[in-house]
Amino acid sequence: MARVIMLHSALGDSRLWKRQIAALEREHHVVAPDLPGWGDNPLPTEPFSFVDFVAGFLPGALVGNSFGGAIALRTALTHPDKVERLALVDAGLPAWDWTEEMRGYFDAEEKAVEAGDLDGATEINLEFWVKPEHRDEVRPQQRRALELQTAHEEPEVIWPEMGPLSALAVPTLVVAGADDHADFLAIAEHLAGEIPNADLVIVPGAGHLVGLDQPEELNALLLEFLE
């Protein structure tokens, strides 16, 4: 029974994976933690590392969506001997040259959070990222995350130096929703092109949260990949 560690997007917490956990746990040992600053896991007050947090669950296969995908990627580059497989679902990428659309979104969210308008920031995130039929499910998760992340002064996040994508030898599945923003489709193409042992799958009818928009399709892709 393989161990699979699932890292959620910044839009919600581990509950975003409930449809995948139900499908995968019959054949795999699935661990879906709340990242620090989400769900039931408060934001630390001291400097901390997301990569160190995730490394505590290894060895195993890593599956990450969006911000969780960026963390999964950096963890795989830092601990290549402990990551058996890597699935990146609409993953973020550090130091990406974002389009004007994305920069406008980041700016609007930041202004709402700085003004203390967590409800407004939540709606900005939902409208930008989440298909209307899933917003009621994601809203309380996003609101909770913003509460945790603004509860006290933000600690320093320590990131290990990121090696080249070409150094990643682990089998990698890159997934993107066909309806996601252009930046994330471009990142998916870039990852699939640079990581030596990577396959790219674009899922029709899915946006940024493929696991919510097309759960059966993602479940089938992950089950096949993890075999």
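The values are calculated or read from the model by the stated rules, or taken from the named source; none is laboratory data. These figures come from a predicted structure and were not determined experimentally. Here the Cβ positions follow ideal geometry from the backbone for every residue, glycine too, while neighbour counts run over all protein chains shown.
Laid out as a table, the results:
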{"read-out": "Criterion (out of contact with any Gly (no Cβ under 7 Å at 6 or more places or on another chain), over 20 Å from residue 8 (Cβ atoms) and among the aliphatic types (A, V, I, L, M)) met by exactly one of 108, 87, 76", "value": "108"}
{"read-out": "Residue, surrounded by the most Cβ atoms within 10 Å (Cβ to Cβ), within region 95-144, restricted to residues that are among the small types (Gly, Ala, Ser) and touching a helix residue (DSSP H, G or I) at 6+ places or on another chain (Cβ under 6 Å)", "value": "121"}
{"read-out": "Subset tally (residues that are free of Cβ contacts under 8 Å to residues at least 12 places away in the same chain and either touching a Phe, Trp or Tyr at 6+ places or on another chain (Cβ under 8 Å) or of a type outside the set (Asp, Glu) (or both)) for region 1-40", "value": "3"}
{"read-out": "Count - residues of region 177-194 that are touching a residue at least 60 places away in the same chain (Cβ under 8 Å) and over 17 Å from residue 105 (Cα atoms)", "value": "5"}
{"read-out": "Subset of region 171-185 (residues that are hydrophobic (A, V, I, L, M, F, W, C) and more than 14 Å from residue 207 (Cα to Cα))", "value": "173, 174"}
{"read-out": "Per-region count, region 11-59, residues surrounded by fewer than 21 Cβ atoms within 10 Å (Cβ to Cβ), small (Gly, Ala, Ser) and closer than 29 Å to residue 185 by Cα", "value": "5"}
{"read-out": "Some residue of region 116-126 being of a type in the set (S, T, N, Q), assigned by TED's automatic domain parsing to the domain that holds residue 36 and within 26 Å of residue 93 (Cβ to Cβ)", "value": "no"}
